[in-house]
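The values are calculated or read from the model by the stated rules, or taken from the named source; none is laboratory data. On a predicted model such as this, the values are computed, not experimentally measured, just so you know. Reconstructed Cβ throughout: ideal geometry from the backbone, glycine too, with neighbour counts over all protein chains shown. Ligands, DNA and RNA are stripped out before the accessible areas are found, and what is left, the full protein with its side chains, is counted by its heavy atoms. Shrake-Rupley method; radii C 1.70, N 1.55, O 1.52, S 1.80 Å.
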Amino acid sequence: MRHYSPRKRVLVTGGAGFLGSHLCERLLAAGDDVVCADNFFTGTKDNIAHLLPDPHFELIRHDVTFPLYVEVDEIYNLACPASPVHYQYDPVQTTKTSVHGAINMLGLAKRVKAKILQASTSEVYGDPHVHPQTEDYWGHVNPIGIRSCYDEGKRCAETLFFDYSRQHKVRIKVARIFNTYGPRMHPSDGRVVSNFIVQALGGEPITIYGEGNQTRSFCYVDDLIEALIRLMATPDDFTGPVNVGNPDEFTILELAQKVIALTGSKSEIVFRPLPSDDPTQRQPDITLARKVLQWAPATRLDDGLRKAIDYFRGAATTG
Ligand code: NAD
Ligand code: UDP
């Protein structure tokens, strides 16, 4: 392919979302030309408004369930709603986004010989019986439940990535991302960290689903983005899948108590029904990431929560 610029040309699908906007920012800072493709289903222009004046940043309104023709060297495929509330809003579209989106982006990677990274998820392990989760665990996933559009869509996307690698020699990287939080989560995103912070700052009741003894392991966004960039830079024979996340595990009740303490909120905790198929435990084993990416998360939960709380305080005052 003709390529006159020394800059790497990088496509980020879902680039106007929470993780995508941080990734676009980091790639631009590293001197890359960035193409952000997003249909704004859960992402917003506000997330990337500060990048628009940069001549090396380009925004395309595009739905990845349709083919895309751009000339790039690397692709980060992040397009997909990640919050259960949003991915369950139109579950058929969620599966299409993962599956047709993967086919379209892998087809693009094949045509332009680009390297491609898939934002997969800890949800491929479902409600795991192996704890902490290692990459060789095949998971425990309900194929017909309300989370299946997301879980099975992401599992099928992984299958497509590995088949394009074996069949068409496409250079792939698969990251299994565990719960990540931080600035630019949408206040109405619906995931637990943003919900609790927004509720605490607004003096509203903190809604715990179930009894709050289910666990999650929360990774701060900057740590996560660093892992994705390192993964993309690994030698071609390293495909993953590789777990990326913070192994420090907390119950949802502990998270609620931390958010109340850090915000100084007077909010009470209320208990709501647990949605079906809600995983009871989740913790990444990051031995592989430590070894291959020379990476481990650097941000403790309290420190990351303080930064997220500052962001949501500002978001509340600026509307
Ligand atoms: P997000 O909802 O903030 O971002 C997703 C982005 O994809 C949004 O900008 C949305 O508008 C866009 N999008 C959705 N469907 C699209 C389509 N059909 N075509 C084009 N764009 C589309 O969520 P996020 O937390 O930034 O997640 C980004 C990626 O990382 C997702 O693929 C998600 O599954 C994965 N992931 C995230 C987490 C996490 O904790 N944040 C955990 C595991 C996996
Ligand atoms: N959760 C909760 N209250 C909320 C939102 C979520 O108790 O207001 C719980 C949810 O049931 C789950 C955990 O927090 O057990 C993490 O939920 P999230 O939607 O953030 O991510 P996921 O379930 O996909 O890990």
*Enter the accessible area per residue of the chain (Å², integer; probe 1.4 Å; all protein chains in place).*
44
*Using modelled backbone amide H atoms (1.01 Å from N, in-plane), which distant-in-sequence or interchain residues come within less than 5 Å of LEU11's amide H?*
VAL35, ASP73, GLU74, ILE75, TYR76
*Stokes-Einstein D (µm²/s) once Rh is taken as the Kirkwood radius of segment 58-204 over alpha-carbon pairs, at 4 °C in 1.567 mPa s*: 79
*Please name whichever of SER194, LEU274, SER122 sits farthest to the positive end of the charge dipole of the chain, dipole taken about the Cα centre and charges placed at Cβ: Lys and Arg +1, Asp and Glu -1.*
SER122
*Note down the nm distance, to one decimal, between modelled labels 7 Å out along Cα→Cβ at THR207 and at ASP310.*
2.9
_Set of aspartates and glutamates near LYS115 by C-alpha distance (under 13 Å), chain-local residues within fewer than 8 positions excluded_ = GLU71, ASP73, GLU74, ASP236, ASP237
*asked:* Explain nothing, just compute: Karplus ³J(HN,Hα) = 6.51 cos²θ - 1.76 cosθ + 1.60, θ = phi - 60°, for every residue of segment 248-258 in order, whole Hz, x for Gly and Pro.
replied: 5, 9, 9, 6, 5, 5, 4, 4, 4, 5, 5
_Computed FRET value (nearest 0.05) for ASP46 with ASP163, which takes r as the C-beta separation and R₀ as 41 Å_ = 0.65
*Low-density loop positions, GluC sites (Glu not before Pro), segment 241-319 - DSSP coil, at most 15 other Cβ in 10 Å*: GLU268
*asked:* At 1.4 Å probe size, with the rest of the protein present, what percent of the exposed accessible area of the chain is carbon and sulfur atoms?
replied: 53
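Stokes-Einstein at 25 °C, 0.890 mPa s, Kirkwood radius from Cα pairs: D for segment 1-66 in µm² s⁻¹?
Details: Rh = 11.9 Å.
D = 206 µm²/s.
Taking a quarter of the surface of the convex hull around the Cα atoms of the chain, what do you get in nm²? Before the final figure, lay out each step's value.
Values: hull surface 61.8 nm².
That works out to 15.5 nm².
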*Give a quick list of trypsin sites (Lys or Arg not before Pro) in segment 1-43 that DSSP marks as loop, anything other than H, G, I, E or B, with at most 10 other Cβ atoms within 10 Å.*
ARG2
*Distance in nm between label sites at THR134 and ARG7, each 7 Å beyond Cα in the beta-carbon direction?*
4.4
*Cα principal axis extents for segment 50-119, largest first, Å*: 35, 32, 18
*asked:* With θ taken as phi - 60° and the coefficients 6.51, -1.76 and 1.60, list the Karplus ³J(HN,Hα) couplings across segment 29-38 in order, rounded to whole Hz; mark glycine and proline as x.
replied: 5, 7, x, 8, 8, 10, 10, 9, 10, 7
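Rounded to the nearest 20 debye, what is the charge dipole size of the chain about its Cα centre when +1 sits on each Lys and Arg Cβ and -1 on each Asp and Glu Cβ?
On the way: 34 positive and 38 negative charges, 152 e Å.
For the chain, the charge dipole is close to 740 debye.
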*Name the residues whose placed amide hydrogens come within less than 5 Å of the amide hydrogen of THR215, ignoring near sequence neighbours (fewer than 5 apart) on the same chain.*
GLN281, ARG282
*For MET185, enumerate residues with amide H under 5 Å from its amide H, sequence gap 5+ or separate chain, H modeled in the peptide plane.*
none
_Leading residue at positive end of dipole, segment 33-113 (Cβ point charges), from PRO55, ASN104, HIS86_ = ASN104
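Which value, in debye to the nearest 20, describes the size of the charge dipole of segment 108-254 about its Cα centre when Lys and Arg Cβ atoms bear +1, Asp and Glu Cβ atoms bear -1, and nothing else is charged? Write down the numbers at each step before the final one.
On the way: 16 positive and 19 negative charges, 204 e Å.
Approximately 980 debye in magnitude.
Relative to the Cα centre, what is the charge dipole magnitude of segment 201-319, using +1 at the beta carbon of each Lys and Arg, -1 at the beta carbon of each Asp and Glu, and rounding to the nearest 20 debye? Intermediate values should be presented prior to the final figure.
Working: 12 positive and 17 negative charges, 54 e Å.
Dipole magnitude for segment 201-319 comes out near 260 debye.
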*asked:* Taking a cut-off of 22 Å, what percent of all Cα-Cα pairs in segment 157-238 are separated by more than that?
replied: 47
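For SER5, SER267, what's the largest-to-smallest order of accessible area, 1.4 Å probe?
On the way: SER5 45, SER267 15 Å².
Highest to lowest solvent-accessible surface, that is SER5, SER267.
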